[in-house]
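Report on the structure given below.
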Amino acid sequence: MAQATQAEKLSGSRYSAQDGLLLAVDDLHVEFRTHEGVAKAINGVNFELHEGETLAILGESGSGKSVTAQAVMGIVDSPPGFVTGGEIRYCGQDLLTMPEEQRRGIRGPEISMVFQDALSSLNPVFTVGWQIGEMFRIHRGMNKTDAQEQAVRLMERVSIPGARQRVKAFPHQFSGGMRQRIMIAMAIALDPAVLIADEPTTALDVTVQAQIMDLLSELQEERKMGLILITHDLGVVADVADRIAVMYAGRIVEHADVYDLYARPGHPYSKGLLESIPRLDQKGTQLAAIGGLPPNLTRIPAGCSFNPRCRYAADVCRVDPPPPLREIGHRWRSACHFAEEVLAGTAEVTKGTLDGVVQPDPAADELEPSAGATAMPNEGDRR
Ligand code: SF4
């Protein structure tokens with residue numbers, strides 16, 4: 001029998017995806033009130049997610065990608081974090097204005113999340129079967145026996161060998177890759193329409209990374225979920241994402257189909273990230289990197305926030321913020337004064353480079369690593 005689409009699955013509930021649109025984030029703002037000042041972590045983020053679509057959100061630490069996910073899930077640690085503006089609509093309903101009780105009914109059954117550190121996300125004193133089964137006991141009212149049977153079924157689905165025997169094992173008795181599979185099993189237990197995976201492979205070796213990405217991709221295809229992959233690693237998502245949103249200093253600076261962005265980035269930051277991927281055909285050469293550090297989110301530079309690190313920065317970039325994302329191609333948007341020139345390869349390099357490495361602007365040296373990041377909630381801080 002054909003797999004039901006998310007729209008069909010949702011049609012029996014009070015949430016119904018119109019034209020396959022599951023999630024619409026519009027002009028989202030999040031800030032953290034820290035002892036150093038207000039860290040503006042998210043500054044007007046917009047994106048959409050349709051059923052069956054995989055969106056990768058990409059950027060360095062402190063760019064705001066995890067906070068965006070936490071805002072969607074409704075788990076921004078408050079205080080110090082506050083969603084100060086915008087809308088997050090799930091199947092047309094704004095999550096930010098609905099009662100918390102209603103939102104709890106969405107978190108898990110409708111929108112679910114895989115966190116990056118499985119060991120600290122799993123409870124060490126309960127068996128994995130108990131923790132997976134909890135989803136069914138709490139949300140479906142199942143008894144312990146039936147919930148455990150569901151846990152075995154899910155462990156088998158995420159390819160944990162000997163699931164029936166290992167359902168009573170504890171998290172520390174599994175390898176890192178297997179623990180991440182258990183986290184995925186918990187996240188898909190209630191057949192969510194949207195799955196958010198926050199750096200799901202960061203702590204894993206390369207082979208296991210590929211296996212986990214394959215599993216996520218397979219499950220997404222099988223269940224027609226909308227999948228949001230959050231990562232700092234462009235290499236990890238190349239094969240699985242449909243679209244990519246590149247974030248810097250709390251904004252999306254480029255949003256494009258994956259093939260377009262990989263072939264010809266339309267923003268200097270995306271270009272720098274792509275150039276920093278190690279390549280086998282460039283053995284012995286210095287690895288290109290983006291000079292400087294992401295800005296302190298309590299003191300975001302004037303003009304374009306990327307200007308202290310940008311090889312193409314001109315006077316206008318230090319004064320005028322670039323316009324919000326604007327079309328530079330089909331389903332392709334960039335927030336750069338010189339996006340067309342960057343795309344065409346004709347943008348003028350204004351800063352010295354050494355083997356592709358931008359020499360940091362003196363202004364960038366004054367910018368410390370994102371203080372906002374230190375104030376960010378960790379994944380255990382759920383509202
Ligand atoms: Fe670089 Fe200017 Fe574009 Fe910002 S607006 S990314 S500083 S060229």
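The values are calculated or read from the model by the stated rules, or taken from the named source; none is laboratory data. Keep in mind that what you see is a predicted model, and the values were worked out from it rather than measured. When we count neighbours, we look across all protein chains shown, and the Cβ atoms used for this are built from the backbone with ideal geometry, even at glycine. These accessible areas exclude ligands, DNA and RNA; they are computed on the full protein's heavy atoms, side chains included. Shrake-Rupley method; radii C 1.70, N 1.55, O 1.52, S 1.80 Å.
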*Calculate how large, on average over all directions, the projected area of the Cα convex hull of region 94-220 is; give the answer in nm² to one decimal.*
7.9
*Report, in whole Å, the centroid distance computed from the Cα atoms of region 96-145 and region 293-327.*
40
_Ranked packing of 173-183, 140-150, most packed first, by mean Cβ within 10 Å_ = 173-183, 140-150
*Once you have all Cα-Cα distances for the chain, histogram them in 10 Å bins from zero and send the whole-percent values.*
5, 23, 32, 25, 12, 4, 0
*Which order do peptides 65-73, 207-215 fall in by mean Cβ count within 10 Å, highest first?*
65-73, 207-215
*For a label point 7 Å from the Cα of Ser175 along Cα→C-beta, name the residues of region 188-224 whose backbone N is under 16 Å from it.*
201-215
*Solvent exposure of region 202-321 as accessible area per residue, Å², 1.4 Å probe*: 43
*Which value in deg cm²/dmol, rounded to the nearest 500, describes the helix-derived mean residue ellipticity at 222 nm for the chain, given -39,500 (n - 2.57) per DSSP H run of n ≥ 4 and division by the residue count?*
-8500 deg cm²/dmol
